[in-house]
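The values are calculated or read from the model by the stated rules, or taken from the named source; none is laboratory data. This is a predicted model, so every value here is computed, not measured. Here the Cβ is made from the backbone with ideal geometry for all residues, glycine too, and neighbour counts use every protein chain on show. Note: areas computed on protein heavy atoms with side chains; ligands, DNA, RNA excluded. Shrake-Rupley method; radii C 1.70, N 1.55, O 1.52, S 1.80 Å.
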Amino acid sequence: MTGLVARTIVTGTGSYLPERVVSNAELSETVDTTDEWIVERSGIRQRHIAAEGEFTSDLAVAAARAALKAAWREPSEIDLIIVATATPDQTFPATATTVQEKLGINDCVAFDVAAVCSGFLYALTVADAMLRAGTMRHALVIGAETFSRILDWEDRTTCVLFGDGAGAVVLERSEGNGDADDRGILAARLHADGRHNSLLYVDGGPSSTGTVGKVRMKGKEVFRHAVTNLASVMTETLEVAGCKAEDVAWVIPHQANLRILESTAKKLGLDIDQVVITVDRHANTSAASVPLALDTAVRDGRIKTGDLLLLEAMGGGFTWGAAALRW
Ligand code: UT7
């Protein structure tokens, strides 16, 4: 393809982690588990937990402010806010509108996306389409979670795996030549298969029980599906982008389990050193994990202009997706 085409580029990233760090050792004082088990099975060593009175919107706003600063943008320039979260402040209004209010933005489009751990990929893909459609120029896409609030702290099979946090990106409509050398989002692919609803879910909700509910997961089955689905959507996305696995500089994955990261990298023939890993320090922060990992590798200088990034995630639903992004 030749000629100018619309492309969405990332102009700034930001993230926020609550102050309180809980180590595996601290957790094992109240939960029937050990540091050895958690590290061996998941790679997790610690997680951040939000303070009482600290909400998903607070985490989201802190990450958004950092991303806006990095992008040299004022809140008033933002046309669209999408918050990916499974732990909104309230059932409604959307946390995105609370974030909007806290940022002092009086008029823009703001809504939440519920795709759990794939939420950031879903939100990024929707924002990309809306920006390229041409009526908006700048977007804030945020993944933010206080998953600690929906954990059953007596269920050792789930509560040791998750943490709280937020990550954000500022997106801007730009132009490219329509080839794989362009900067920005080259391709994004999303999937869902609701037949697997019962493998990873929350056992409550406003319409069913009238309660918030707690996370339930059949970990082994989720693990099996995750490796297969992620390798498949990563390959599909690279193909659509006109790229090959060897072109990838960095994989920015959802951080559920170190063994999933190792297995998917191996399936694609990528070195584990090309995978940005934060699961050891952040645990699984659901929709926040991809933008948290992205911000980490941008700020420590690993990601350089021109690098091809492959973002991926899989979560409850099942939902899964990937995006190829040239920095
Ligand atoms: O973000 C959305 C996507 N989520 C994921 O991708 C998560 C995918 N799944 C996983 O990461 C892994 O399946 C887990 C980390 C959840 C579990 O690892 P596993 O190797 O599949 O272990 P398992 O569930 O088969 O459990 C093995 C044993 C069991 O004991 P028995 O039945 O063999 O006697 C569990 O009861 O480990 C026991 N166990 C624990 N022991 C100590 C389960 N949780 C714990 C624990 N501490 N926290």
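Filter segment 94-131 down to the residues that are among the charged types (D, E, K, R) and either within 13 Å of the chain's Cα centre (by Cα) or within 18 Å of Ala322 (Cα to Cα) (or both) and list them by number. Can you show your working first?
Residues of segment 94-131 that are among the charged types (D, E, K, R), as a first pass: 101-102, 107, 112, 128.
Asp128 - this is the single residue of segment 94-131 that is among the charged types (D, E, K, R) and either within 13 Å of the chain's Cα centre (by Cα) or within 18 Å of Ala322 (Cα to Cα) (or both).
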remark   = Requiring at least 2 residues that are within 16 Å of the ligand (Cβ to nearest atom), the strands (runs of 3 or more DSSP E) wholly within segment 1-75 are 20-23, 46-49
request  = Could you please find all residues in segment 291-326 being among the basic types (Lys, Arg) and assigned to a loop (DSSP other than H, G, I, E, B)?
outcome  = Arg302, Lys304
Qualifying position, being within 13 Å of the ligand (Cβ to nearest atom), of a type outside the set (A, V, I, L, M) and either open to solvent by less than 30 Å² (accessible area, probe 1.4 Å) or in a helix (DSSP H, G or I) (or both), among Lys267, Lys220 = Lys220
note = The condition of being over 28 Å from His196 (Cβ atoms) and either of a type outside the set (D, E, K, R) or surrounded by fewer than 17 Cβ atoms within 10 Å (Cβ to Cβ) (or both) holds, among Ala114, Ala110, only for Ala110
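In this structure, does Thr319 turn out to be under 21 Å from Ile38 (Cβ atoms), surrounded by 20 or more Cβ atoms within 10 Å (Cβ to Cβ) and either within 12 Å of the ligand (Cβ to nearest atom) or of a type outside the set (Lys, Arg) (or both)? First the steps, then the outcome.
Details: under 21 Å from Ile38 (Cβ atoms): no; surrounded by 20 or more Cβ atoms within 10 Å (Cβ to Cβ): yes; either within 12 Å of the ligand (Cβ to nearest atom) or of a type outside the set (Lys, Arg) (or both): yes.
Answer is no for this residue.
Scan Glu101, Glu154 and give me the residue that is within 16 Å of the ligand (Cβ to nearest atom), open to solvent by 10 Å² or more (accessible area, probe 1.4 Å) and charged (D, E, K, R). Give the steps one after another, and end with the answer.
Numbers: Glu101 fails: within 16 Å of the ligand (Cβ to nearest atom).
Answer to the selection: Glu154.
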query = Checking Ala67 against (1) surrounded by fewer than 16 Cβ atoms within 10 Å (Cβ to Cβ); (2) in contact (Cβ under 8 Å) with a residue 60 or more places away in the chain, which test does it fail?
reply = (1)
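Do we have any residue at all in segment 236-246 that's open to solvent by less than 30 Å² (accessible area, probe 1.4 Å), within 16 Å of the ligand (Cβ to nearest atom), of a type in the set (Val, Ile, Thr) and touching a strand residue (DSSP E or B) at 6+ places or on another chain (Cβ under 7 Å)? Step through it out loud before you land on a result.
We begin by selecting, within segment 236-246, every residue open to solvent by less than 30 Å² (accessible area, probe 1.4 Å); these are 237-238, 241, 243, 245.
If we keep only those that are within 16 Å of the ligand (Cβ to nearest atom) as well, we get none.
The answer is no, given that none of the residues of segment 236-246 is open to solvent by less than 30 Å² (accessible area, probe 1.4 Å), within 16 Å of the ligand (Cβ to nearest atom), of a type in the set (Val, Ile, Thr) and touching a strand residue (DSSP E or B) at 6+ places or on another chain (Cβ under 7 Å).
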message = Please count how many residues of segment 270-290 are touching a strand residue (DSSP E or B) at 6+ places or on another chain (Cβ under 8 Å), surrounded by fewer than 21 Cβ atoms within 10 Å (Cβ to Cβ) and in a helix (DSSP H, G or I).
response = 3
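Looking at segment 12-24, is at least one residue aliphatic (A, V, I, L, M), at pLDDT 95 or above and over 18 Å from Ile142 (Cα atoms)?
Within segment 12-24, one or more residues are aliphatic (A, V, I, L, M), at pLDDT 95 or above and over 18 Å from Ile142 (Cα atoms).
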request  = Check segment 131-148 and report whether any residue there is surrounded by fewer than 21 Cβ atoms within 10 Å (Cβ to Cβ) and of a type in the set (Phe, Trp, Tyr).
outcome  = no
query = Can you tell me which residues in segment 169-208 are open to solvent by 80 Å² or more (accessible area, probe 1.4 Å) and free of Cβ contacts under 8 Å to residues at least 12 places away in the same chain?
reply = Arg195, Ser207, Ser208
query = Which residues, taken from segment 291-316, are open to solvent by 10 Å² or more (accessible area, probe 1.4 Å), more than 16 Å from the ligand (Cβ to nearest atom) and in contact with a helix residue (DSSP H, G or I) (Cβ under 6 Å, 6 or more places away or on another chain)?
reply = Ile303
